[in-house]
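The values are calculated or read from the model by the stated rules, or taken from the named source; none is laboratory data. These figures come from a predicted structure and were not determined experimentally. A quick note on method: Cβ atoms are made from the backbone with ideal geometry, for glycine too, and the neighbour counts reach across all protein chains shown.
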Amino acid sequence: MSHRIGAVKSRSGCKTCKIRRVKCDEEKPSCLRCSTTGRKCGYEDRGASPWAASPFALAPGHALSSQNAGRRERRAFEYYFRHVSQHLAGGMNVDFWTGVVPQICRSEPAVWDAMIAISTLYENPTQCVHFHFLRDRRNKACLLSNAQHDALTWYSRSISSVSSQIRRGGADPYIALISCALFICVETIQGHMEQALELYRQGIALILGLRAQIGDGGVSSSKAVLLERSIVPLFLRLGTSSLTISGTRFPIEVFGFVKTDMSVGFASVDSARTIMSALAAEVILFEREANLHLRAVGSESAVSPEMVAKKEALRTRLTEWHRAYTNLCQSSSFIPTVPIYPEPILLTYHAAALVYVTGCLRQQETVFDVHFADFLTIVEQSRQILDVSAGPNGAQPPFTFEMSVGVPLAMTVLRCRDPNLRRRALDLLRLAPPIQGFFKCAPVALLSEALMKLEEGDSLALRQENTVAPSHEVLGNNPITRLEATGSQAALIPEEARIHDYSIFRPNEWQPPWITEEDIAPFPHGPNQLYLGFSRNQYDKESNTWQPIFQCIPLEASL
């Protein structure tokens, strides 16, 4: 594909349209394209250089100070095309980032501005890597480089352009939706997840409106195809990624956009990927439901048959997915079409989903010990993914918009108690791109390491005291959910030392209902102090059951 933005037939257009290589209507003193997008419009004198002066309007509060603003825009586009688009895709939805966006930006200034803002922030990242909603809210000066100022000015200009079109009633909802996806990217690449989630909700509303227009014949067939094949699956994957933020609501309507019948197999990797995204979202949502149900009924023996049936249905569908995907990969007609082959990503998420389902409706963490092979798959496939995404100097990209290895690796650190394998997972998690969609790797890696050390410290103390309770083979009397223990279980962390639920909180904003003021009292107080609340199982010999106990410790400010 050519690196050019597009050909311009007329040589007498304004300087702004020439630099941006878009068609100019040559209206004077200001062309329509510049006047409707807030750009400064000017025409060259005969023989003058097109780079003589900056033709761009200055955003309020910040000036694109250099006379080479247009050159910087073109450089940002070139950098996007050569270095950014493939990593945003992460082997998924490549056509959207490498084809659709660069093509539409030729005629849509808002898309152009958002795209070059993404490119510049990607090249010059300043990311908020605190936990979502828990960052230190005290006013702190953030010094931005000139490039970052440019990026935020372009982003502001893009938002203003779309907003003004909406106010005038002239906004194309299709372009507004693509712009919304780019705005989400701008916010997530900076680590601003609250703003990104709000934009995501707006994007879902736009999708619902466009699909209604398709039914009424109000959208062209080419746009309808792109919506269904590219944009809707993209927002499905974003929704799945957003579920990594505790309490996030998932737009259930999105499930209606996806055909989940796997009886005839997969026609392409795209269909396999889309169904895996839907399955992953269903698994996370079911895990939330299962946790609430188990707390309500109090024990595994009281779990309702309906909940057990839902769990087994999910497990069956995951098995069907793997069978259909294996058949697709073994098909003689199957040819990978992307440079970052998606198979490792899909296999890591399949393995992680299996592990999540196993833990649903179970009271003991030792049930995860049978998944050593799945944990190994996650670590080995993640290593392949990171090897491919590394740059010439070995460094990982600062960001990927699509789901990557962060969530499966974090789950492995927390749920795999093999000391060597979980440390390999932790090392990879630290190496991975810091922000992956709505998931932030850096704070999760710090938290995962803290939980791992808590478990290992208590495990050592329990073994020295020789107070380890009987294994879950003895206590797991539910025939429906009993799992075979691994032969190496004795070398792993005992159930009493394993951490179950955990929550990070700031008491003056919110705290878990199972953490009391007495739990917090022994520790230092402060308006910005973070705490880690967590639960463990304690074996009650009289009732032959496990009972939860709750603890709380202060966290370092780095989280």
From (1) out of contact with any Gly (no Cβ under 8 Å at 6 or more places or on another chain); (2) surrounded by 15 or more Cβ atoms within 10 Å (Cβ to Cβ); (3) assigned to a helix (DSSP H, G or I), pick out the condition that doesn't hold for Tyr200. (1)
Report yes if some residue within segment 163-170 is in a helix (DSSP H, G or I), in contact with a Gly (Cβ under 7 Å, 6 or more places away or on another chain) and among the hydrophobic types (A, V, I, L, M, F, W, C); otherwise report no. no
For segment 444-454, indicate whether the set of residues that are small (Gly, Ala, Ser) and surrounded by fewer than 19 Cβ atoms within 10 Å (Cβ to Cβ) is non-empty. yes
Quick one: is Arg201 basic (Lys, Arg), out of contact with any helix residue (DSSP H, G or I) (no Cβ under 8 Å at 6 or more places or on another chain) and within 24 Å of Phe183 (Cα to Cα)? yes
Would you kindly identify the helices (runs of 4 or more DSSP H) lying entirely within segment 425-541 that contain at least 2 residues that are at pLDDT 85 or above? 441-465, 517-520
Which helices (runs of 4 or more DSSP H) does segment 220-303 wholly contain that include 3 or more residues that are of a type in the set (D, E, K, R), at pLDDT 90 or above and surrounded by 21 or more Cβ atoms within 10 Å (Cβ to Cβ)? none
